[in-house]
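A short worksheet on the structure shown next.
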Amino acid sequence: MAEAVRYAVEGGVAWLVIDRPEARNAINRAVGEGLWDGFRRFEADPAAAVLVLTGAGDAFCAGADLKEMAALAMTVPPRDMAPHLGRNLQVTKPVVAAVNGVALGGGFLLAMMCDLCVAASSARFGITEARWGRGAPWAAPLPWLVPPRVALELLLTGEPIDARRAHEVGLVNRVVPDAALRQEAGRLAAAVAANAPLSVRAAKAMVQAAAGRDLDAAIDEGWRLFEPVYRSEDAQEGPRAFLEKRPPVWKGR
């Protein structure tokens, strides 16, 4: 993996850290390659049930490296410049964003694409592309997360919103003091990791599949996704553990 991104697993939780603090963790080629490698490694890693994505230093990610883009005279950014989960890379296990400081442009995308988001009180979220004559086609799913007028405000003004506002509109699950960010993100990830892995993955897939479907089709898809869960060994282990008053031992099958 590129040195600009670090991967480590602690107690079933993988930590993927963008480590380019001198550039506010802006996405250059090394960071993009590191993110691709890190997410692929996580998906294949049997020791990791949940991943937390965060940035080193006082920024989550300031977006694309404009200096590199200018040097390369880049016009339309390649779609594989960085992973966009659910679009150009499928990750079946849950991903949590731990946003410290700014999440702008491509950094906003990284936070938006995660399944859950914990923000430090200093966090700022913005789609600033309109200020620099750039585009944000990756923001098309945003009205699925927040009301359309909030999405339009972010896109049209280019003005960032703070963590409190992001929480109010549903972009963020929790806001904590800066010093507590890692602890809270780790606690949330550990709570997910403790649950039955097949149930967790099916739940993630169902919520994603509901987008763009009518209610009947979404419910049908939910039944399709959860039928293998009901038929799994873990589905018998859960009630048995409850009756025996012990923690369940999940096998993922």
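Laboratory data are not the source of any read-out in this text; all were calculated from the coordinates shown. What you see is a predicted model; the values in this text were computed from it and never measured. For neighbour counting, all protein chains shown are included, and Cβ atoms are generated from backbone atoms with ideal geometry for every residue, glycine included.
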Cβ crowding within 10 Å averaged over residues, with 98-110, 141-153 ranked highest first: 98-110, 141-153
Helix axis angle, 148-157 relative to the chain longest principal axis, alpha carbon, degrees: 30 degrees
Fraction of alpha-carbon pairs over 22 Å apart in the range 5-193 - percent: 41 percent
Burial ordering of Glu10, Glu184, fewest other beta-carbon atoms within 10 Å first: Glu10, Glu184
222 nm mean residue ellipticity, helices alone, for the chain (DSSP H n ≥ 4; -39,500 (n - 2.57); rounded to 500): -12000 deg cm²/dmol
Rounded to 10°, Cα long-axis angle of helix 215-230 versus longest principal axis of the chain: 60 degrees
Summed side-chain charge close to Glu3 - residues other than Glu3 whose Cβ falls under 12 Å, Lys, Arg +1, Asp, Glu -1: -1
With 5 Å bins from 0: P(r) over the range 134-253, alpha-carbon pairs, percent: 2, 9, 12, 14, 14, 16, 14, 10, 5, 3, 1, 0
Packing-based exposure ordering (other Cβ within 10 Å, fewest first) of Tyr230, Tyr7: Tyr230, Tyr7
Amide H contacts of Trp15 (H built 1.01 Å from N, under 5 Å, at least 5 apart or other chain): Ala8, Val9, Glu10, Val52
Helix axis angle, 197-210 relative to the chain longest principal axis, alpha carbon, degrees: 50 degrees
Whole-number percent relative contact order across the chain, with pairs defined as alpha carbons under 8 Å at least 6 apart: 15 percent
Packing-based exposure ordering (other Cβ within 10 Å, fewest first) of Leu89, Leu16, Leu198: Leu89, Leu198, Leu16
